Amino acid sequence: MKSRIVLSILVLLTVVLASCTPAAPAQKEIKVAILAPLSGPVPTFGVMTRDGALAAIDEWNAKGGVLGMKIVPIVEDSQCTPDPAVNAANKVIDQDKVHYIVGEVCSKASIPVSEIANAKGVVQISPTSTNPDVTVGSDGKVKPYIFRACFIDPFQGQVGAKFAMENLGAKTAFIMLDQANDYVKGLAEFFEKSFTEMGGTIVGKESYTATDTDFSAILAKIAEAKPDVVYLPDYYNIVNLVTKQAKEKGITSPFIGGDGWDSSDLDTAAADGGYFTNHYSPEDPRPEVQNFVKAFGEKYKDEQGNPKVPDALATLAYDATNLLLTAIQQAGADDPAKVKDAMAGITYNGVSGKITFDPNHNPVKSATILKVTEGKVKFEAVVNP
């Protein structure tokens, strides 16, 4: 009987002592949302954006995270469309309690997301949204919590126009655009402004919708106008259709576009002879570029098991994520108010170039011209701001 009592006391003491032993502190985490179009019209944009951002996060976590905290990515499919992007933003902010967003990709989705993030004090950096309205509100004031890692449409449109005139000797241009797409509309507007200011003439300007598949009516007008260049600042899915149909109709005017052309799904045979402005080239010999290309290829493989070559979407997502995490590190705290101030004053040597921010939170950096030729996309030139 006595032994049973002693045993019971020992068991009780063990339980009490165990309950008094402090639990090991849970590892602190910091959540970063990645909003990318993994479905919808441009899924390759989303896959590359996600992979570029995750590559940066994995590198930071391998070195101990940021401020000693493990970085936890929360990936949401935002479809490059306003409503799904808004739903994704509200979900990660209100349910997941994130303080930081990398994304969205398309301007028409990033603009409404920026309004939500800015109002709720969440730092957002878009890798690739080039419309000025992403970081500047309708009142003309900068949104203090919103940044981007890419150059903006005025610069990209100006570079395209300058290249057309100075490098291609173009004096006339025909513009095709989707009026409902903020990205396309903005680029077309700034190309036209720069081209005409430099003495060029716009010999035609026609609109289409994102759901159009037959562009024969517009292409007939292009064939009649015989412009020196055709400016088509849309995404690769539209570019594939238009340039293929243009080839079939015997149109020889070179097409010029923006960074929306940059995709592994670009039909290089259809777009052959075309040019587009972009944020980087994997052929750039800078060590930052070559080291990233090598590391990305080791991490991600295509269906045949070959190393993937990062496009501009992956590169800018990688730079955007590194900019954000570096700003958190420099701020010294998981505090969006401090992080936005650190971001505004940052100097970062990224894969896409040395980056600082202007007063409107747009990066000051160079642009690259790429040419579609012989089934490949090749480096053509660099244009500095």
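The values are calculated or read from the model by the stated rules, or taken from the named source; none is laboratory data. In this text, all values refer to a predicted model and were calculated from it rather than measured experimentally. Counting neighbours? That spans all protein chains shown, and the Cβs are built from the backbone with ideal geometry, glycine included.
Take the conditions assigned to a strand (DSSP E or B), crowded, with 17+ Cβ neighbours inside 10 Å and of a type outside the set (Ser, Thr, Tyr) and apply them to PHE163. Does it pass?
Working: assigned to a strand (DSSP E or B): no; crowded, with 17+ Cβ neighbours inside 10 Å: yes; of a type outside the set (Ser, Thr, Tyr): yes.
No, not satisfied.
In the stretch 53-80, which residues are buried (at least 17 other Cβ atoms within 10 Å of the Cβ) and part of a loop (DSSP other than H, G, I, E, B)?
GLY65, SER78, GLN79, CYS80
Scanning the stretch 203-218 for residues that are within 30 Å of the chain's Cα centre (by Cα) and part of a strand (DSSP E or B), which turns out nearest to LYS185 (Cα to Cα)?
Selected residue: SER207.
Tell me, yes or no, whether the stretch 99-111 has at least one residue that is outside the structural domain of THR252 (by TED's automatic domain parsing), farther than 22 Å from PRO43 by Cα, at pLDDT 95 or above and not basic (Lys, Arg).
For the stretch 99-111, residues outside the structural domain of THR252 (by TED's automatic domain parsing), farther than 22 Å from PRO43 by Cα, at pLDDT 95 or above and not basic (Lys, Arg): present.
Filter the stretch 118-132 for residues that are closer than 20 Å to TYR183 by Cα and either modelled with pLDDT of 95 or more or surrounded by 22 or more Cβ atoms within 10 Å (Cβ to Cβ) (or both) and give the result.
Going through the stretch 118-132, the residues closer than 20 Å to TYR183 by Cα turn out to be 124-132.
Passing the criteria: GLN124, ILE125, SER126, PRO127, THR128, SER129, THR130, ASN131.
Within the stretch 244-266, how many residues are among the hydroxyl-bearing types (Ser, Thr, Tyr) and in contact with a strand residue (DSSP E or B) (Cβ under 8 Å, 6 or more places away or on another chain)?
So the answer is 1.
Okay, residues lined up against (1) under 20 Å from ASP259 (Cβ atoms); (2) in contact with a strand residue (DSSP E or B) (Cβ under 6 Å, 6 or more places away or on another chain); (3) not assigned by TED's automatic domain parsing to the domain that holds SER110:
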| residue | (1), (2), (3) |
| --- | --- |
| GLN179 | yes, yes, yes |
| TYR183 | yes, no, yes |
| LEU187 | yes, no, yes |
| SER194 | yes, no, yes |
| THR201 | no, yes, yes |
| ASP212 | no, no, yes |
| VAL242 | yes, no, yes |
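What helices (runs of 4 or more DSSP H) lie completely within the stretch 257-348 and have 2 or more residues being modelled with pLDDT under 95 and of a type outside the set (Gly, Ala, Ser)?
The qualifying helices (runs of 4 or more DSSP H) are 287-299.
Collect the residues in the stretch 46-73 that are among the hydrophobic types (A, V, I, L, M, F, W, C), under 23 Å from GLY297 (Cα atoms) and in contact with a strand residue (DSSP E or B) (Cβ under 7 Å, 6 or more places away or on another chain), keeping them in residue-number order.
Matches in the stretch 46-73: ALA53, LEU54, ILE57, TRP60, ILE71, VAL72.
Working only within the stretch 269-287, note down all residues that are surrounded by fewer than 17 Cβ atoms within 10 Å (Cβ to Cβ) and touching a Gly at 6+ places or on another chain (Cβ under 8 Å).
ALA269
Take the stretch 219-247 and flag every residue that is charged (D, E, K, R) and in a loop (DSSP other than H, G, I, E, B).
Across the stretch 219-247, the qualifying residues are LYS226, ASP228, ASP234.
Cβ-Cβ distance below 6 Å, separation of 6 or more or different chains: which pairs start in the stretch 249-276 with a residue that is closer than 23 Å to SER129 by Cα and end on one that is surrounded by fewer than 20 Cβ atoms within 10 Å (Cβ to Cβ) and among the hydroxyl-bearing types (Ser, Thr, Tyr)?
Close Cβ pairs (under 6 Å, with a partner that is surrounded by fewer than 20 Cβ atoms within 10 Å (Cβ to Cβ) and among the hydroxyl-bearing types (Ser, Thr, Tyr)) amount to SER263/THR44; SER264/THR44; ASP265/THR44.
Taking SER78, is it at pLDDT below 95, small (Gly, Ala, Ser) and under 14 Å from the mean Cα position of the chain (by Cα)?
So SER78 fails the test.
So for the stretch 119-138 (the condition being farther than 24 Å from ILE238 by Cα and of a type in the set (Asp, Glu)), does at least one residue qualify?
no
Could you list, in sequence order, the residues of the stretch 362-382 that are in a loop (DSSP other than H, G, I, E, B) and either surrounded by fewer than 21 Cβ atoms within 10 Å (Cβ to Cβ) or basic (Lys, Arg) (or both)?
Result: LYS365, SER366, GLU374, GLY375.
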